[in-house]
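**Q** For reference, the structure I am asking about is given below.
The values are calculated or read from the model by the stated rules, or taken from the named source; none is laboratory data. None of the values given here were measured: they were computed from a predicted structure. Cβ coordinates were reconstructed from backbone atoms using ideal geometry, including for glycine residues, and neighbour counts include every protein chain displayed. Areas reflect the complete protein model, heavy atoms only, side chains present, ligands, DNA and RNA absent. Shrake-Rupley method; radii C 1.70, N 1.55, O 1.52, S 1.80 Å.
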Amino acid sequence: MIQKERIKPLNDEQVQNKEQIFYWMQASQRVNYNHALEFAIERANKLNKSLSVFFVLNTDFPEANLRHYQFMLEGLKEIREKLEKRNIKFKVFLGDPEDIVTKIAENSALIITDRDYLKTTKKWRKNIAENINCPLVQVESNLIVPVEEASPKEEYAAYTIRKKINKKLDYYLEELEKRQIKHPSVNKEFNFSNKLENENITKYFKNNNLAELTQKLDIDKSIKPVSHYKGGEEQAKNYLYDFITNKLDKYHELSNDPTKDYLSHLSPYLHFGQISPLLVALEIKEKYSPGQEEFLDQLIIRRELSFNFVYYNKDYDQSLKSILPDWAYTTLEEHKNDLREYIYSQEEFEKAATHDKYWNAAQKEMKITGKMHGYMRMYWAKKILEWTPSPQDAFEISLYLNNKYSLDGRDPNSYAGIAWCFGKHDRAWKERKVFGKTRYMNANGLNRKFAADLYVQQIEQLTEKKNSN
């Protein structure tokens, strides 16, 4: 079922008399449980036209580097193979999305796209919609409840949005039927490709040669790909079913212990749209498990609260004054001149060169694996606040490091998660030096929660393994 609330025309243009419609895939980088793809097939069949799918590989995306591109390309390679089996043509174009989609629109009856929430990608869609002569229709597929349907305003905390989302879940937690295309496009050529003067990126997928492709791309290559996570929908599904089979029953007890692997590891895949949160939720709900409620609260309520945050607050990555509740900003301002026992520069943080072995281990985990355990990320950001001259500087350093090294960085979930460490979506606590009334975390708390020294040992082993390769 594709609920009408997921579908939003971005302009008022009429369907053109052209032989093809196109799905511009960007945020939902998958073939299964993709509402935008299924809607595009539905429209193509109704209009008696063929459908082709394309992706625009933009090498200037803010803060993206080789680590991110490698993971994304691994997923795109898989998409080509899966769409081919469904008789649908897939092509990757290299360049500026606004330029390429606008040119493709000249030969399109209609363009369908998926939905994203960050400033850059929202701007692409807005500018394209205003400058083309065919309809551009956006379909939500990366949230279970579309953001405006969940709430018409920025929510204060999880408890204020939970009831609103829960009221709508029965309607949106519906399986998505896979449709069959009536007019295959898999053997069709993009007859306007020469107008785009674009190298055929897809040939590298056919030859299974992503290394050669990434070397050709004009991107930041300073941050190397990781070996811990490989991109793609099949990898994501493997993690999901392993989690359901082996971890979900104890998720509520052990998910905050970084020495034990009881996480789903789905956050990078959700970030790139390589797995559907709807599919994840439906599979988790299929069979009761003690950890089910806690996991679904994280997947649905907490995650969708973060999308609510970046959708309604345009300064989500900028100013603490604009994003924090009054009590949090006020208390941090009142304590910003407190004497700090330690002060570190951004470079020292980046090199994991603090006095704190637990903090250093967390930073190394992120640099080596492309992901940091969620509980350690809270501690990590709290300590940056404690060891930086001002809260605003601490916020900016936290975002810089997270966006640079994490596969799940540059994401609503991580913007909200880091903001939480400064008081967003939280409540006031006992007042302390530097932290004011924001929540405090320290090394003693880690040791009460889990075997923190064992965590350090595990990261040291990872470091040694990396250095030996």
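**Q** Take the Cβ-Cβ distance between GLU212 and ASP96 as r, set R0 to 25 Å, and report the resulting FRET efficiency rounded to the nearest 0.05.
**A** So, using R0 = 25 Å, E works out to roughly 0.65.
**Q** Can you find, among LEU37, LEU143, TRP359, the residue farthest towards the positive end of the dipole of the chain? Put +1 on the C-beta of Lys and Arg, -1 on that of Asp and Glu.
**A** Projecting each Cα onto the dipole axis, the largest value belongs to LEU37.
**Q** May I pose another question? Where in the stretch 77-115 does the label zone of ASN187 land, with the point 7 angstrom along Cα→C-beta and an amide N cut-off under 18 Å?
**A** Residues passing the 18 Å test: 83-90.
**Q** If you count only protein heavy atoms with a 1.4 Å probe, what accessible area per residue comes out for the stretch 33-125, rounded to a whole Å²?
**A** Result: 30 Å² of accessible area for each residue.
**Q** Per DSSP H run of n ≥ 4, the term is -39500 (n - 2.57); total these for the chain, divide by its residue number, and report the mean residue ellipticity at 222 nm rounded to 500 deg cm²/dmol.
**A** Helix contribution divided over all residues of the chain: -14000 deg cm²/dmol.
**Q** Place a label point 7 angstrom from the Cα of ILE343 along the Cα-to-Cβ direction, then list the residues of the stretch 412-440 whose backbone nitrogen is under 19 Å away.
**A** The answer is 433-436, whose backbone nitrogens lie closer than 19 Å to the label point.
**Q** With Rg and the Kirkwood Rh both taken from Cα atoms, where does Rg over Rh land for the stretch 1-137?
**A** 0.94
**Q** Using modelled backbone amide H atoms (1.01 Å from N, in-plane), which distant-in-sequence or interchain residues come within less than 5 Å of LYS91's amide H?
**A** Here VAL53, PHE54, PHE55 satisfy the definition.
**Q** Give me the number: length gained by fully extending GLU42 to SER227, i.e. 0.36 nm times residue separation minus the C-alpha to C-alpha distance, one decimal in nm.
**A** 62.8 nm
**Q** Ignoring ligands, DNA and RNA, please state the percent of accessible area on the stretch 389-469 from carbon and sulfur, probe 1.4 Å.
**A** 45 percent
**Q** Too long at a 30 Å Cα-Cα cut-off: which of LYS89/LYS167; LYS91/LYS119; LYS224/LYS285; LYS89/LYS153; LYS123/LYS164; LYS247/LYS367?
**A** The pairs that break the limit, which is 30 Å between Cα atoms, are LYS89/LYS167; LYS224/LYS285; LYS89/LYS153.
**Q** Oh, and also: What does the charge dipole of the stretch 51-123 about its Cα centre add up to, to the nearest 20 debye, if the Cβ of each Lys and Arg holds +1 and the Cβ of each Asp and Glu holds -1?
**A** Around 280 debye, computed over the stretch 51-123.
**Q** Counting other Cβ atoms within 10 Å, keep those with at most 13, restrict to DSSP loop, and tell me which GluC sites (Glu not before Pro) in the stretch 203-303 are left.
**A** Answer in residue order: GLU286.
**Q** When the distances between all Cα atoms of the stretch 125-272 are binned every 10 Å from zero, what whole-number percent does each bin get?
**A** Reading upward from the zero bin: 7, 17, 31, 28, 14, 2.
**Q** Hey, how many Å between the Cα centroid of the stretch 9-82 and the Cα centroid of the stretch 404-469?
**A** Measuring centre to centre over Cα atoms gives 36 Å.
**Q** Just to be sure I understand the model, the point goes 7 Å from the Cα along the line to the Cβ. What's the resulting ASP326 to TYR171 distance in nm?
**A** Taking the simple label geometry, ASP326 and TYR171 are separated by 3.3 nm.
**Q** To the nearest 20 debye, what charge dipole does the chain have about its Cα centre, counting +1 at the Cβ of each Lys and Arg and -1 at the Cβ of each Asp and Glu?
**A** So the magnitude is around 560 debye.
**Q** Separate question: Please report, to two decimal places, log10 I(q)/I(0) for the stretch 316-416 at q = 0.12 Å⁻¹ as given by the Debye formula with identical point scatterers on the Cα atoms and no solvent.
**A** -0.38
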